[in-house]
1. What does the average come to when, for each residue of peptide B:22-34, you count the partner chain Cβ atoms lying within 10 Å of its Cβ?
2. Under a Cβ-only charge scheme (Lys and Arg +1, Asp and Glu -1), can you give me the dipole magnitude of the range B:143-203 about the Cα centre, in debye to the nearest 20?
3. How many Cβ atoms of partner chains, on average, are near each residue of B:64-77 if near means within 10 Å of its Cβ?
4. Could you work out the mean count of beta carbons from other protein chains within 10 Å of each residue's beta carbon in B:78-84?
5. Given a Förster distance of 35 Å, report the FRET efficiency between A:Gln50 and A:His93 from their Cβ-Cβ distance, rounded to the nearest 0.05.
6. Heavy atoms only, probe 1.4 angstrom, no DNA, RNA or ligands counted: give me A:Ile146, A:Ile71, B:Ile99 ranked by accessible area, highest first.
7. Could you tell me the calculated FRET efficiency between B:Val184 and B:Thr149, based on Cβ-Cβ distance and R0 = 22 angstrom, to the nearest 0.05?
8. Which links in B:Lys83/B:Lys104; A:Lys153/B:Lys83; A:Lys17/A:Lys153 stretch past 28 Å when you go from one Cα to the other?
Amino acid sequence: MNTSTENLIAALSQDLKPVKRLPSPGRRLLGWMALALPVSLVMGALVEQQYITLAYERLSNMRSLIELGTILLTALTAGYAALCCVQPGRSKHAWMLPVVPFAAWLALIGESCFRLFEQGGPDQFSFAPHWTCYPSVVATGAAPAIVLVLLLKRGMLTSPTRTVGLAALAASALGAVGLRLFHPPDATVMLLLWQLIATVTFLGLASLVSAYMSRRALMG
Amino acid sequence: MTDGHVKSDTTTGVKGGKNQQWSEWMALAQDGDVAAYQSLLAAVLPLVRAIVGKRINDPDKAEDIVQDVMVSVHKNRHTYDPKLPFGPWLSTIAQRRTIDALRKMYRQGAQEVLVDEYPETFLSDETNVSPEDDLVFALGDDLNRALETLPAGQRTAVDLLKLREMSLKEASEASGMSVAALKVAMHRALKSLRAEMAPRVEL
């Protein structure tokens, strides 16, 4: 054996301390949902107080319920896949889990857009930034993104691009649940785009804060 | 939803018994058992070397990466779930660290250029001779005229180091100038000569 590697193994063994095992992705996912979803809903309701009754309408409408189901399923599967990505040895194919629910969600958005187009033509579509939507996007998206980053930081980043992509999708989807319930405009591609941009911003900020805190903790 | 478990360990080629033993050792190591941890690290080393060696040909670099992998295994031992086979966990970390190292090597390689000769001069004589000198010396009169324009110290440096082909030490003894002063004078002389002779020859 190479002497320096042998010395390294001896040094690592001397440094050995008991560690707390990382819970399974399923358990961490439950924790994420239990913490982030209620905060996201409460924040969404607070920001959109004047439309609070909209939630009852949407929960009693079958189509809205189906759409909420696909969004929630997208959040669950993408979140689970992202959490699998930071635990080495887990299935490398977990990233495929959100493909079907996400496709279904996009299909429903597409169908909404088509109906809108049929009713009012191209004038119904506006791709300009909707600044009035932004407070709702921030309010509903912050908690899912921040909590997910904190959970991901406890693992090991083995495929960064895939993990960030899945985490962005998961946090956006969970934030979109609150948005879908309380925000008056119908969920369109534009709203989804805003949600994704906001989530990526949150993920970036949360990562920076987390990295800073880890460095401070290491420095004692 | 599946629980993401890897059922077979065909990717690493680690046999079931070994995997089971490693898994048990790691579970003990997570609880702080030093002996189990030492046995585990020594036992997995050949597999780590094999994974790294598949992509890295240079043995020294490969050993550095192997050590990186061992440090990563140590830092991330909390991520191992004893219910899962140990081989895929280890090989994922080893492959990740190898890819990181390869990326770093490619990045460094893109910033470096192979050169035939170094721009700086060094103490040994061999490093102070370049093909440029032959070209300059072939220009005879032009060179003599250019040399006359140089300050005395620089002219002495060129005379002793280039024309009489003395070593830096010999030139230092002959001129009374320090080795460092000679090198500086030589460097400045070459710069002046280059400027002076540029219209006549492209150095």
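The values are calculated or read from the model by the stated rules, or taken from the named source; none is laboratory data. Predicted model, so just to flag it, every value in this text is computed and none were measured. Here the Cβ positions follow ideal geometry from the backbone for every residue, glycine too, while neighbour counts run over all protein chains shown. Ligands, DNA and RNA are stripped out before the accessible areas are found, and what is left, the full protein with its side chains, is counted by its heavy atoms. Shrake-Rupley method; radii C 1.70, N 1.55, O 1.52, S 1.80 Å.
1. Neighbouring Cβ atoms belonging to other protein chains average 2 per residue here.
2. Details: 10 positive and 7 negative charges, 33 e Å.
With Lys and Arg at +1 and Asp and Glu at -1, about 160 debye.
3. Numbers: counts 2, 0, 3, 7, 1, 0, 5, 3, 3, 2, 7, 3, 9, 6.
Mean partner shielding for this stretch: 4.
4. On the way: counts 8, 12, 6, 9, 1, 1, 6.
Neighbouring Cβ atoms belonging to other protein chains average 6 per residue here.
5. Values: r = 45 Å, r/R0 = 1.28.
E(calc), rounded to 0.05, equals 0.20.
6. Working: A:Ile146 75, A:Ile71 0, B:Ile99 50 Å².
Greatest to least solvent exposure: A:Ile146, B:Ile99, A:Ile71.
7. Computed FRET efficiency for B:Val184 and B:Thr149 comes out at 0.75.
8. On the way: B:Lys83/B:Lys104 34 Å; A:Lys153/B:Lys83 22 Å; A:Lys17/A:Lys153 20 Å.
Among B:Lys83/B:Lys104; A:Lys153/B:Lys83; A:Lys17/A:Lys153, the Cα-Cα distance tops 28 Å for B:Lys83/B:Lys104.
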